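The values are calculated or read from the model by the stated rules, or taken from the named source; none is laboratory data. Just so it is clear, the model here is predicted, and its values are computed rather than measured. Using ideal geometry, Cβ is built from the backbone for each residue, glycine included, and neighbour counts are taken over all protein chains shown. When the accessible area is computed, the model is the full protein with side chains, heavy atoms only, and any ligands, DNA or RNA have been set aside. Shrake-Rupley method; radii C 1.70, N 1.55, O 1.52, S 1.80 Å.
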Amino acid sequence: VPPHSPFPTMSAFLLSPSRLTAKASPLAHLASRRPAQSTPPRPSPPRFFASVEPPAYAPTELLSVEEALKRSENGWTYLDVRTEEEFAASRVPGSINVPWVFFTPTGRVPNPDFCAAVAAATAEAGGRVIVGCQAGVRSKAAVVALREAGMGGELADV
């Protein structure tokens, strides 16, 4: 802006002393008419997890791929919970397959016989089972379902 311009610069406008002074709110006069109200203190938020009992079973151990391979060589059963098609495409040597879900044209459908099929398939393993899938979501859900169904023994998730 040239020095002879009649219009002030934006920075001069924003930093002018008249803009920096505190002005009263247009509704400030209403505060004097309102009686003082004491608001009760807000209750603290509920503690949702304070009353939740921890599960009766030990937490599931999360294994690395190397540790899962060692254990499968030492008598543990590797349970693959992927679909039959995924299992046929690639698998861990010596693993068994019990799908957690089935893929249908309408979407994923849970396997209604999952826990019974796992119990039957792993009966001779002595209850030492490694549960795995492709990304870990299905195996984690499968381990929780097996624990809730009362499957004893040792369960590990890959």
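Here are the numbers for the structure shown:
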quantity	calculated
Total residues in region 127-149, condition farther than 16 Å from PRO99 by Cα, open to solvent by 60 Å² or more (accessible area, probe 1.4 Å) and either of a type in the set (Val, Ile, Thr) or part of a loop (DSSP other than H, G, I, E, B) (or both)	1
Selected residue (criterion: nearest to GLU154 (Cα to Cα)) from residues of region 60-117 that are touching a helix residue (DSSP H, G or I) at 6+ places or on another chain (Cβ under 6 Å) and of a type in the set (Ser, Thr, Tyr)	THR60
Residues of region 71-88 satisfying the condition of being assigned to a helix (DSSP H, G or I) and open to solvent by 30 Å² or more (accessible area, probe 1.4 Å)	ARG71, SER72, GLU73, GLU84, GLU85, GLU86, ALA88
Pairs where the first residue, in region 111-133, is of a type in the set (Ser, Thr, Tyr) and the second is open to solvent by less than 40 Å² (accessible area, probe 1.4 Å), C-beta under 8 Å, 6+ apart	THR122/THR77; THR122/LEU79; THR122/VAL129
